[in-house]
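S.K.: What follows is a structure written as structure tokens; I'll ask about it next.
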Amino acid sequence: MEAMAQLSIDDRAALAEQFIDYIDGSVTRLVELAVDLPPLASPPEEVSDEIYGIAHNIKGMGSTFGYDLLTEISSILCEYGRNVAECGVSNSQVINNHISAIRLVVEHRICGDGGAKGRELINGLNETIAANL
């Protein structure tokens, strides 16, 4: 974070755009992975690991660029991935809902926590997970 503070405004803006490009690519990859997920079964371990890894990377970088809502969505997806690993069953709709939420934040450049709409989105994701674990 301290290194970001020392960058010029132009450099920070350029890095933020690179971050958005990275997220766009990550969302594309998540969609590719999710297409073949069985509706109510455990995904192959390598697919689960890759989904977790992508979500973990987004979680780690989101707050750095002011996308706290993106960090929270990705954190929930990571936690879901850990729970799926323990219970062995995944619901592809839960993963797809998270992908849609990440896409929404990126497309609309929703910085910070998203306010009341952000809380509503997070509550909806948590409710979906609770209903599917």
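Conditions tested, residue by residue: (1) surrounded by fewer than 16 Cβ atoms within 10 Å (Cβ to Cβ); (2) over 12 Å from the mean Cα position of the chain (by Cα); (3) closer than 19 Å to residue 63 by Cβ.
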site	(1), (2), (3)
97	no, no, no
106	no, no, yes
109	yes, yes, yes
114	no, yes, yes
117	yes, yes, yes
122	no, no, yes
132	no, yes, no
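S.K.: I would also like to ask the following. What's the number of the only condition in (1) of a type outside the set (S, T, N, Q); (2) more than 15 Å from residue 106 (Cα to Cα); (3) at pLDDT below 90 that residue 16 fails to meet?
M.R.: Single failed check for residue 16: (2).
S.K.: Take the stretch 106-120 and flag every residue that is touching a residue at least 24 places away in the same chain (Cβ under 8 Å) and not β-branched (Val, Ile, Thr).
M.R.: Selection gives 109, 111, 112, 113, 114, 118.
Every residue, every condition in (1) at pLDDT 90 or above; (2) basic (Lys, Arg); (3) assigned to a loop (DSSP other than H, G, I, E, B), yes or no:
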position: 27; (1), (2), (3): yes, no, no
position: 43; (1), (2), (3): no, no, yes
position: 47; (1), (2), (3): no, no, no
position: 53; (1), (2), (3): yes, no, no
position: 79; (1), (2), (3): no, no, no
position: 83; (1), (2), (3): no, no, no
position: 121; (1), (2), (3): yes, no, no
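S.K.: Of everything in the stretch 95-119 that's assigned to a helix (DSSP H, G or I) and among the hydrophobic types (A, V, I, L, M, F, W, C), which residue is nearest to residue 84 (Cα to Cα)?
M.R.: 95
S.K.: Let me ask another. On the given criteria, is residue 82 more than 23 Å from residue 127 (Cβ to Cβ) and touching a residue at least 12 places away in the same chain (Cβ under 8 Å)?
M.R.: Here the answer is no, as residue 82 does not meet what is asked.
The values are calculated or read from the model by the stated rules, or taken from the named source; none is laboratory data. Values in this document were obtained by computation on a predicted structure and should not be read as measured data. Note: ideal-geometry Cβ built from the backbone for every residue, glycine included; neighbour counts use all protein chains shown.
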